[in-house]
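Quick one: structure below, then a few questions.
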Amino acid sequence: MKQQIEGSQAVAKTVALCHPEVAACYPISPQTHIVETLSRLVKAGEVGSCQFLNVESEFGALSVLIGASAAGARTYTATTSQGLLFMAEAVYNAAGLGLPIVMTIANRAVGAPINIWNDHSDSMAMRDAGWMQLFAEDNQGAVDLHVQAFRLAEELSCPVMVCMDGYILTHAVEAVDLLTQENVDAFLPPYDPVQLLDPSDPVSIGSMVGPDAFMEVRYLAHHKHLQALEAIPRIQKEFHQQFGRASGGLLESYKTEGAETIVVALGSVNGTIKDAVDDLRAEGLAVGAVKIVSYRPFPKYQLRQALGHAKRVIVVEKDLSVGKGGILSSEVKMAMRHLPVMVETVIAGLGGRAIPKASIVRVVHEALSEEGLEEPHFLDLNWDVINAELVRQQAKRRSGPTAENILREVGTLGVKAG
Amino acid sequence: MSYQQVKFYQTGTFTIGNRLLDEHNQTIQSQRDRTNSLNSGHRACQGCGEALGARYAVDAAMRAANKNLVAVNATGCLEVFSSPYPESAWQIPWMHSLFGNAPAVASGVAAAMRAKGKKETRVIAQGGDGATVDIGFGCLSGMFERNDDVLYICYDNEAYMNTGVQRSGSTPARAWTNTTQAVGTEPGNPSGIGKNLPAIAMAHHIPYVATASVADLHDLEAKVTKAMGFHGARYIHVHVPCPLGWKSDPALTIKVARMAVESGLYPLYEAEHGSVIDRTPIRRKVPVERYLELQGRFKHLFSDPPDVAGIAAIQAIADANIRRYGLVDQEVQGGT
């Protein structure tokens, strides 16, 4: 039954239905409402024998889950931004050990300057760690992806991040069709671990592996992701059959038939992009959109099929590889290898900067114009502010802290320094 | 009829071999049904105090847990020498994750056992001093304050030995390491810094904290056994000489450890819920030189002329320990 509910609460309630046996949590905005809600449900006895640990750091949180998962428990945590980076070493470790931990990432920018609003810098920083990364467009998608994530993680013995845009989704109240316990139980079998810390059958887990076998171990991790490319659509199909919603999958196309230009993105901005596509179609432009749900594994062959017929692909991404440009667009380019498709990079929405529909429409027009887009294009940059700061830096080496200077320029700081 | 209790020792007067003791007084390690949790064939150096300590400690824990035990290990010598793929010296379920997270991983294992109703399965975590007092300190403190049902054993060899002897927060005053070289105006590790982890553990008011030494393996086994009798967070800090890093004779590991105890530099005590409840009196007090002179890491103190002030400063640390924990028992001294 549909109900109006905050994204974080919807996710927490759904995770509770998945009956994690150990959850370890550390507060960080904008993920906090998820673990607050989960802690209440656990304490109220609504999550079976689940153990909820309030730990001393994100590094500790994931480490607790590493131990619990190796001991055969279904495990869950949520984090974001600085928290994800603080647990980075354990993020790689969990994947290397093949532990099917599920973690919600409430995507948020990474400082400095400290910024609590949404972009994808955090999970992008962990893209090579060996976790699967599934991106939700809306809260219904976020809820459904969590149930699928446990299934996927445990089937392949590989951890999964479910990425949902911080605030934009976590704090949005919208209609969500919450699953029931019967639904989840029918879809998600009990966790049957591949390897287990069990005194009746002792094994050593986490041995040192040298040059003689390390590459093979890494290849097998990659192979697992290749298997996931098959498992993700299969699980989506099953979910669709059971619940009537085609949530999940590798990617989703919108009005791409006959499209000459296709806009590609991750996460919630796809809603805005679809509206922009409607407007551009109304203008008579052959524009479509593709939403990437599974960023890891990266569905390059599926993308080739979805985008290969277009002349131009515009990747709108909420991340920046400083000194290079787009991260997602580089990967889309790789997927388009040898195809006559131009791939453009639009860096947008960093640190929570709004991405209005009008800006998407404008950037598509610019891309189609004779002049085209520079590579990469930064959406809605305030060049007056940037130029003023560059002039200041040129005039005087110690011209003050950049962030604070810029805040003065845009008038966010009350007092303008004399 | 009056009788006098006779106490046997491992060295000096009243020495007795383990085999001559009553069976219930013999070490767990000497029993035929010992579990060999850390089996032979591992790659520890000759004279390794940590391998010895771990062997006794884990077997004692195994016996106390009725062989229903899971061990978590921090990165470090013990992990590396016991588990190079595809070999493993561990006969028990054993897991290594990272350098700084062993206490948290153990908390997770314990939580999983609780969630699954496997109340009989006990959990220990172990690491060296670097993993314990430095990089894993946050996770350790978290495990303590949550009173998670884990026995954490630190094998303290007073530096980062696995990476080639660098200073840790447990390196003693004036000791040479590769990052506290024996040069300059104050050669070796500066005095007056460092971390007393058993005291910090006690400050968490956890059920049981003890210090132990490979100089007294009966005592180490007894403390592990006692610790396993409690539930909640427990901590044992074991002093384990490292011939490589201490530049000591591998044949003298036990003697070096004993001199640390008998000089007062390494006090042996037990604490419950934050208060010291017992200590091992020093049987025959020795000056700190007897300990320091066995180790090349303190060689600079004995150059010509010797660093009298440096040695006196170390003696002052030993004397302070003796006063603080009441280590010199007049009656015991008089009796020997």
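The values are calculated or read from the model by the stated rules, or taken from the named source; none is laboratory data. Keep in mind the model is a prediction, meaning the values are calculated, not measured. Every residue, glycine as well, gets a Cβ built from its backbone with ideal geometry; the counts of neighbours run over all protein chains shown.
If B:Gly274 meets every condition in (1) within 30 Å of B:Val109 (Cβ to Cβ); (2) surrounded by 16 or more Cβ atoms within 10 Å (Cβ to Cβ) apart from one, which number is that one?
Among (1) within 30 Å of B:Val109 (Cβ to Cβ); (2) surrounded by 16 or more Cβ atoms within 10 Å (Cβ to Cβ), the lone unmet condition for B:Gly274 is (2).
Do we find a residue being within 14 Å of another protein chain (Cβ to nearest Cβ) and touching a helix residue (DSSP H, G or I) at 6+ places or on another chain (Cβ under 8 Å) anywhere in region A:272-279?
The answer is no, given that none of the residues of region A:272-279 is within 14 Å of another protein chain (Cβ to nearest Cβ) and touching a helix residue (DSSP H, G or I) at 6+ places or on another chain (Cβ under 8 Å).
Only one residue in B:Cys48, B:Cys77 is away from chain A (no Cβ under 11 Å), at pLDDT 95 or above, buried (at least 24 other Cβ atoms within 10 Å of the Cβ) and touching a Pro at 6+ places or on another chain (Cβ under 9 Å), so which one is that?
B:Cys48
Can you pull out the residues in region B:80-110 that are touching an Asp or Glu at 6+ places or on another chain (Cβ under 9 Å), more than 7 Å from chain A (Cβ to nearest Cβ) and surrounded by fewer than 24 Cβ atoms within 10 Å (Cβ to Cβ)?
B:Phe81, B:Phe99
Let me spell it out: the conditions are (1) crowded, with 24+ Cβ neighbours inside 10 Å; (2) touching a helix residue (DSSP H, G or I) at 6+ places or on another chain (Cβ under 8 Å); (3) facing chain A (nearest Cβ under 10 Å), and B:Gly127 meets all of them except one. Which number is the exception?
Only one criterion in (1) crowded, with 24+ Cβ neighbours inside 10 Å; (2) touching a helix residue (DSSP H, G or I) at 6+ places or on another chain (Cβ under 8 Å); (3) facing chain A (nearest Cβ under 10 Å) is unmet by B:Gly127, namely (3).
Return only the number of the condition from (1) of a type outside the set (Val, Ile, Thr); (2) under 29 Å from A:Gln82 (Cα atoms); (3) touching a residue at least 60 places away in the same chain (Cβ under 8 Å); (4) surrounded by fewer than 17 Cβ atoms within 10 Å (Cβ to Cβ) that A:Leu350 does not satisfy.
Evaluating A:Leu350 over (1) of a type outside the set (Val, Ile, Thr); (2) under 29 Å from A:Gln82 (Cα atoms); (3) touching a residue at least 60 places away in the same chain (Cβ under 8 Å); (4) surrounded by fewer than 17 Cβ atoms within 10 Å (Cβ to Cβ) leaves (4) as the failure.
Follow-up. Name the strands (runs of 3 or more DSSP E) wholly inside region A:236-341 in which the number of residues that are closer than 26 Å to A:Lys2 by Cα is 2 or more.
Hits in region A:236-341: A:251-254, A:287-292.
I'd like to check which helices (runs of 4 or more DSSP H) are fully inside region A:62-158 and have at least 2 residues that are charged (D, E, K, R).
On the way: elements: A:81-86, A:88-96, A:121-125, A:139-156.
Correct list: A:139-156.
Between A:Gly72, A:Gly67, which is more than 30 Å from A:Pro401 (Cα to Cα), within 8 Å of chain B (Cβ to nearest Cβ) and in contact with a Pro (Cβ under 8 Å, 6 or more places away or on another chain)?
Within the list A:Gly72, A:Gly67, the selection yields A:Gly72.
Can you name the residue in region A:197-234 that is in contact with a Phe, Trp or Tyr (Cβ under 9 Å, 6 or more places away or on another chain) and closer than 20 Å to A:Val293 by Cβ and is also farthest from the other protein chains (Cβ to nearest Cβ) among such residues?
Applying the filter and picking the extreme gives A:Leu229.
Given the residues B:Arg114, B:Arg63, B:Arg55, which is the only one that is at pLDDT 95 or above and facing chain A (nearest Cβ under 8 Å)?
Checking each option against the conditions leaves just B:Arg114.
May I pose another question? Could you check region A:159-214 and list, in sequence order, the residues that are among the hydroxyl-bearing types (Ser, Thr, Tyr), under 30 Å from B:Ala106 (Cβ atoms) and part of a loop (DSSP other than H, G, I, E, B)?
A:Tyr191, A:Ser200, A:Ser207
Read through the list (1) surrounded by fewer than 18 Cβ atoms within 10 Å (Cβ to Cβ); (2) modelled with pLDDT of 95 or more, then give the number of the only condition that B:Val165 fails.
It fails just one condition, (1).
Is it the case that B:Arg43 is more than 8 Å from every other protein chain (Cβ to nearest Cβ), out of contact with any Leu (no Cβ under 8 Å at 6 or more places or on another chain), part of a loop (DSSP other than H, G, I, E, B) and farther than 26 Å from B:Gly142 by Cβ?
Yes: the conditions hold for B:Arg43.
Mind checking which pairs have a first residue in region B:137-157 that is in contact (Cβ under 8 Å) with a residue 12 or more places away in the chain and within 12 Å of chain A (Cβ to nearest Cβ) and a second that is assigned to a helix (DSSP H, G or I) and of a type in the set (Lys, Arg), Cβ under 9 Å, 6 or more apart or different chains?
B:Asp149/B:Arg114
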